[in-house]
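Everything below concerns the one structure shown next.
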Amino acid sequence: MKSNHTVDLSMDFCGIKFKNPFLLSSSPVSNSAEMVEAAYEAGWSGVVFKTLNSDRIPIIHPSPRMNSYHYGHKRLVGLQNVEQISDRPLKHNLLDFLYLKKKYPDRVLISSIMGFSNAEWEYLAKVSEDNGADMLELNFSCPHMCVEGSGHHVGKAFDLIEKFTTTVKNAVSIPVLAKMTPNITDMTEPALYAKRGGADGIAAINTVSGISEVGLNDLVPKPNVFGIGAISGTSGPAIKPIGLRFIAEMATCKELNLPLSGIGGIETWVDALEYILLGSGPIQVTTGIIHYGYRIVEDMIEGLSDFMVEKGISSVGELVGKANANLKTTDHFELDRQGITQYDLDQCVGCGQCVIVCNDAAGQALDWDETTRRPHLIEDKCLSCMICSFICPVEGLITFKEMPRDWKRREAKIMDTSLEKDLKLSDYKDINIL
């Protein structure tokens, strides 16, 4: 194994240097100095502290406050929570800031804030900076805050994003991130409002509004808070595709052109690298820590370092956004290039799952040999959908194979495209088209 010391994992983000790209996100895993200190000792380079409360509105958490989303034998594919912002007194949180910055001056402390009025946004911003915060993250995105003018209510009211961002920027000298809600169609639009308000960067995504489970005996959506359920925030690996999509869209928006911090479903170094390759700077983690603990950062650091050594990459900054050059709309696909699946039957265990899924959901391109208990591919019927590879229990047994450009599938052979050009709707006047 090559030495990990040949690579530089540090990142410059909004003018602040991070020792590595791995941060705690604003959540239960970043609720106190004691917790953050344990994370720092494990190797995390920074924290977005759990969202501060001004103490004007009492915060009382529901009980229970979370529900796990398991799928089959896979544990914690998602996590639904009805957790509110910090219920600790503001003074206690600010004292934690002072302690952490004194003991760990090289670690980045980001204060997440949420005001319930313009004045509160300003106040929380000022006291955060005064007590050592290196950066602010404006929580415009919590999906289950019920107070008007807070959380995702602001994130869906774009003029308020601009207004509160402007207020905070005028109150402090440290960098300001706007944390976007994913519970909208296009995140670039509210991000642009945040930029107009002066935001130095964007954090995304927060949890996705959802329902993880319904109790079949009591008919109460979970988490069941004494007979009542609610639509609330879902996190974990299940939401990673959504997070990657929003990061990629914002990273490729030329008008936005702001640094990004990626969040959503990150548990491994591969997850983190995918966010980075699509344009994220530092990445933030919660559910992965809830599943495995702060120790996962050790594997993240080692895995990312080994990848960089293998690829000959000296600095993690070289990887930011590198995949976006290959990200296009679907009309850019080369449709004259086609392929099929190919099978390494020496690895086949004879389970027959590929035949079932191909016949029930694809091109009916597989026959089954009862003697050898192996599939046989009918090439000109194969759709190259690859779903057989998704359910195959042997990784790498089924792969994609490009065919020569003059190769056509059976359905292409029987279609006379010259006739298609002559067809008119009038030819079907006797057909009732809904």
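On the given criteria, is Gly215 surrounded by 22 or more Cβ atoms within 10 Å (Cβ to Cβ) and in the same structural domain as Pro190 (by TED's automatic domain parsing)? Against the criterion (surrounded by 22 or more Cβ atoms within 10 Å (Cβ to Cβ) and in the same structural domain as Pro190 (by TED's automatic domain parsing)), Gly215 does not qualify. Just so you know, in region 120-148 the residues that are at pLDDT below 95 and surrounded by fewer than 17 Cβ atoms within 10 Å (Cβ to Cβ) include one that is farthest from Pro89 (Cα to Cα), and it is Glu148. For Lys169, the conditions (1) of a type in the set (Lys, Arg); (2) touching a residue at least 40 places away in the same chain (Cβ under 8 Å); (3) over 25 Å from Tyr275 (Cα atoms) all hold with the exception of (2). Inside region 324-351, residues that are at positive phi and surrounded by 13 or more Cβ atoms within 10 Å (Cβ to Cβ) make up a count of 0. Selection of region 13-60 for residues being among the basic types (Lys, Arg) and surrounded by fewer than 22 Cβ atoms within 10 Å (Cβ to Cβ) yields Lys17, Lys19, Arg56. The numbered conditions (1) surrounded by fewer than 18 Cβ atoms within 10 Å (Cβ to Cβ); (2) out of contact with any Leu (no Cβ under 6 Å at 6 or more places or on another chain); (3) in the same structural domain as Leu273 (by TED's automatic domain parsing) are all true for Gly321 except (1).
Across region 42-77, the qualifying residues are those that are out of contact with any strand residue (DSSP E or B) (no Cβ under 9 Å at 6 or more places or on another chain) and closer than 28 Å to Ile301 by Cβ, and the one among them that is modelled with the lowest pLDDT is Lys74. Take Phe140 and tell me if it is under 23 Å from Asn183 (Cα atoms) and under 21 Å from the mean Cα position of the chain (by Cα). Spelling it out, Phe140 is indeed under 23 Å from Asn183 (Cα atoms) and under 21 Å from the mean Cα position of the chain (by Cα). Return yes when Gln80 is at pLDDT 95 or above and in the same structural domain as Ile239 (by TED's automatic domain parsing) and no when it is not. Criteria met by Gln80. Residues in region 327-384 that are outside any loop (DSSP other than H, G, I, E, B), of a type in the set (A, V, I, L, M, F, W, C) and touching a Gly at 6+ places or on another chain (Cβ under 8 Å): Trp368 only. Listed by first and then second residue, the pairs with beta-carbon distance under 7 Å, at least 6 apart or on different chains, first residue in region 249-266 and over 20 Å from Asn20 (Cα atoms) and among the polar types (S, T, N, Q), second at pLDDT 95 or above and not in a loop (DSSP other than H, G, I, E, B), are Thr252/Asn324. Residue pairs whose Cβ atoms lie under 8 Å apart, sitting 6 or more positions apart in sequence or on different chains, and linking a residue in region 34-48 that is free of Cβ contacts under 8 Å to residues at least 12 places away in the same chain to a partner that is outside any loop (DSSP other than H, G, I, E, B) and surrounded by 17 or more Cβ atoms within 10 Å (Cβ to Cβ), are Met35/Val29.
Among the residues of region 79-115, the ones that are surrounded by fewer than 17 Cβ atoms within 10 Å (Cβ to Cβ) and farther than 30 Å from Lys19 by Cβ come to 2 in all.
The values are calculated or read from the model by the stated rules, or taken from the named source; none is laboratory data. Everything numeric in this text was worked out from a predicted model, so none of it was measured. Glycine also receives a Cβ, built like all others from the backbone with ideal geometry; neighbour counts cover every protein chain displayed.
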